[in-house]
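The structure appears below as structure tokens.
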Amino acid sequence: MLSFIEYMPETLSEFVSRVMDEKNLSSYDVERISKRAITHSYVNRLKNGVAKNPSTDKLKGLAIGLGVIEDEVFSAARGQKATKKSAKDIETLQIIEGVEIQLDRSLKLSAKGKEKILDAVRYIAAGVIDSENNE
Amino acid sequence: MLFALKKLSKHGFNHRALSEEDLLHICESEDITVLYLDVPTSFYFSVRNKYFIVLKKSLKGLRRTFALAHELAHHFLHGGKDTANAFFFGLIESRNEFEADAMATIALVPRFMLNSYDFLEEHPNRYARQLFKNRQKLEFLYGI
């Protein structure tokens, strides 16, 4: 589990670079995964800190392309420090990634089916983490 | 297999035919939340020591009871102390899935029921016939 201290605030450019690096994604991969909601050239401009004010749609496309939760991208774009909610999102994301690895081992599941399962897991995990953090 | 059954026998597995109601009662006593959702397959999921069984909403009758027993078997046999654990019904072939299937079969058809055809008369369908056949195999192979 990631603690709040471990999650240092970063700019959008740093965030994009880090996630792409961690997931070994190229700007073309991000474009493809986002289903062209964001172009590879715009991803590069964000990564290099050239594009400063991306639109909401572009940020949403970026989140899909990077495979992260939208809130993380929006927080980075606002240059905000990690909040308690972000830490929750990170833990949820880690759980989702673990489940996704398992699901990817199955050849019997369609992409739509996988999304449905991940949605359910996300819903449950976020609910548990939320309720415990509020205690 | 014997070890697995030993762990579950105190919950009634192999002593009597467990109904969906019986299994839900066990879930309640184990603090497991059972959800019925629009998902392609049922699964067991735990996060921060909170336990969930998600059943495929469209399942009915014996198939639903079997899925519930299968996921409950994961809880007792394979649930660990990791931050999160998940097991998916029928998606991945593994020893854990085989064990959960076997325990679910035993939950629905305890050994004494193999001596009569009451189960098949009560459930006159192909799924029940396959389940009964699988139960006979378990008895033959493991003597349980």
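The values are calculated or read from the model by the stated rules, or taken from the named source; none is laboratory data. Predicted model, so just to flag it, every value in this text is computed and none were measured. Counting neighbours? That spans all protein chains shown, and the Cβs are built from the backbone with ideal geometry, glycine included.
Structure above, values below:
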read-out	value
Flag if residue B:94 is within 14 Å of another protein chain (Cβ to nearest Cβ), under 30 Å from residue A:90 (Cα atoms) and surrounded by fewer than 14 Cβ atoms within 10 Å (Cβ to Cβ)	yes
Subset of segment A:52-63 [buried (at least 17 other Cβ atoms within 10 Å of the Cβ) and either of a type in the set (A, V, I, L, M, F, W, C) or assigned to a helix (DSSP H, G or I) (or both)]	A:58, A:59, A:60, A:61, A:62, A:63
Meets criteria (in contact with a Lys or Arg (Cβ under 7 Å, 6 or more places away or on another chain), among the hydrophobic types (A, V, I, L, M, F, W, C) and within 9 Å of chain B (Cβ to nearest Cβ)) for residue A:128	yes
Of all residues making up segment B:12-43, the number that are within 11 Å of another protein chain (Cβ to nearest Cβ) and either more than 18 Å from residue A:117 (Cα to Cα) or crowded, with 21+ Cβ neighbours inside 10 Å (or both)	3
So residue B:66, is it within 11 Å of chain A (Cβ to nearest Cβ) and out of contact with any Cys (no Cβ under 9 Å at 6 or more places or on another chain)	no
Given (1) crowded, with 19+ Cβ neighbours inside 10 Å; (2) modelled with pLDDT of 80 or more; (3) part of a helix (DSSP H, G or I), number of the condition residue A:113 does not satisfy	(1)
One residue from B:98, B:87 being under 14 Å from the mean Cα position of the chain (by Cα), of a type in the set (Phe, Trp, Tyr) and in a strand (DSSP E or B)	B:87
Hey, residue A:33 surrounded by fewer than 20 Cβ atoms within 10 Å (Cβ to Cβ), of a type in the set (A, V, I, L, M, F, W, C) and without any contact (Cβ under 8 Å) to a residue 12 or more places away in the chain or not	no
Restricting segment B:50-60 to residues that are more than 9 Å from chain A (Cβ to nearest Cβ) and of a type outside the set (Phe, Trp, Tyr), the residue that is surrounded by the most Cβ atoms within 10 Å (Cβ to Cβ)	B:53
